[in-house]
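Colleague: Dropping a structure here in structure tokens format, bear with me for questions.
The values are calculated or read from the model by the stated rules, or taken from the named source; none is laboratory data. Just so it is clear, the structure is predicted and the values come from calculations on it, not from any experiment. Neighbour counts are summed over all protein chains in view; Cβ atoms, including those assigned to glycine, are modelled from backbone coordinates with ideal geometry.
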Amino acid sequence: MDDSRLVPLSALQHYAYCPRQCALIHNEQVWAENYHTAEGQLLHQRVDSGVPETRKGIRYERGVSVSAEQLGITGKLDLVEIDLTTNDQKPVEYKRGKPKIEDWDRIQLCAQALCLEEMRSIQVNEGAIWYWEVRRREPVLIDAVLRDVTLRAIAAARQLLAVGNTPPPTVDKKRCKGCSLVDLCEPDRFRNDKSACYVSHIFDENKLFNE
């Protein structure tokens with residue numbers, strides 16, 4: 001696989017959640033629906049289908065296609081809010097669930113901001129995530145810390161998709177329960193298969209001896 005391939009923005013959220021999930025979806029083209037994914041698909045269809053409009057000095061652009069070739073990412077933004085007075089632009093991502101402690105969703109949002117910055121030669125300082133389950137909008141600062149986390153996630157996801165390998169499942173079994181791919185991934189079976197660890201150990205030893 002060509003490592004210059006543009007990585008979908010959604011792959012960054014998948015990678016942050018579980019690198020194995022990311023590889024299964026984007027390398028092996030494996031997908032399965034459950035209630036949560038179906039509801040999420042419906043939510044995004046409703047959001048993306050809206051036409052641009054302006055209210056009280058704010059322009060709302062929906063379903064905005066973006067890319068940042070320098071970073072190697074591309075995708076579609078649910079919503080971009082543009083302050084017509086200051087030209088401040090804010091990406092807004094819609095999620096089916098509820099706010100999370102982890103950075104999974106914020107990484108995807110920050111990557112959207114990076115795309116806007118590269119395409120439109122602007123500085124994006126803030127975005128927002130609308131969580132449907134709790135009907136609440138969470139502001140997100142696009143600060144240096146989040147940018148660094150996001151850039152590292154982009155580099156790691158690009159490497160994963162370029163190499164084409166599928167890593168083992170995450171050690172956090174709670175994530176597996178909520179994943180639509182759990183039956184196809186078979187994380188428990190993989191965890192019980194000691195041969196994978198053995199092979200990995202062999203490769204680590206070979207690398208050590210060849211250095």
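Colleague: GLN159 versus (1) loosely packed, with under 14 Cβ neighbours inside 10 Å; (2) among the polar types (S, T, N, Q); (3) part of a loop (DSSP other than H, G, I, E, B); (4) at pLDDT below 95: which is the lone unmet condition?
Modeller: Status for GLN159: all satisfied but (3).
Results for (1) under 18 Å from the mean Cα position of the chain (by Cα); (2) under 22 Å from ALA156 (Cβ atoms); (3) at pLDDT 90 or above, shown as yes or no for each residue.
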| site | (1), (2), (3) |
| --- | --- |
| VAL30 | yes, yes, no |
| ASN34 | no, no, no |
| ALA38 | yes, no, no |
| HIS44 | yes, no, no |
| SER49 | no, no, no |
| ILE58 | no, no, yes |
| SER65 | yes, no, yes |
| LEU71 | yes, yes, yes |
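Colleague: Considering only residues of the range 98-122 that are basic (Lys, Arg) and assigned to a helix (DSSP H, G or I), which is nearest to THR86 (Cα to Cα)? First the steps, then the outcome.
Modeller: The first filter runs over the range 98-122 and keeps only residues basic (Lys, Arg), leaving 98, 100, 106, 120.
Subsequent filtering for residues that are assigned to a helix (DSSP H, G or I) retains 106, 120.
Numbers: ARG106: 24, ARG120: 14 Å.
Of everything passing the filter in the range 98-122, ARG120 is nearest to THR86 (Cα to Cα).
Colleague: Taking the range 88-116 as the region of interest, how many residues are surrounded by fewer than 18 Cβ atoms within 10 Å (Cβ to Cβ) and modelled with pLDDT of 95 or more?
Modeller: 1
Colleague: May I pose another question? What residue, among those in the range 162-182 that are in a helix (DSSP H, G or I) and surrounded by 15 or more Cβ atoms within 10 Å (Cβ to Cβ), is modelled with the highest pLDDT?
Modeller: Per the criteria, the residue is ALA162.
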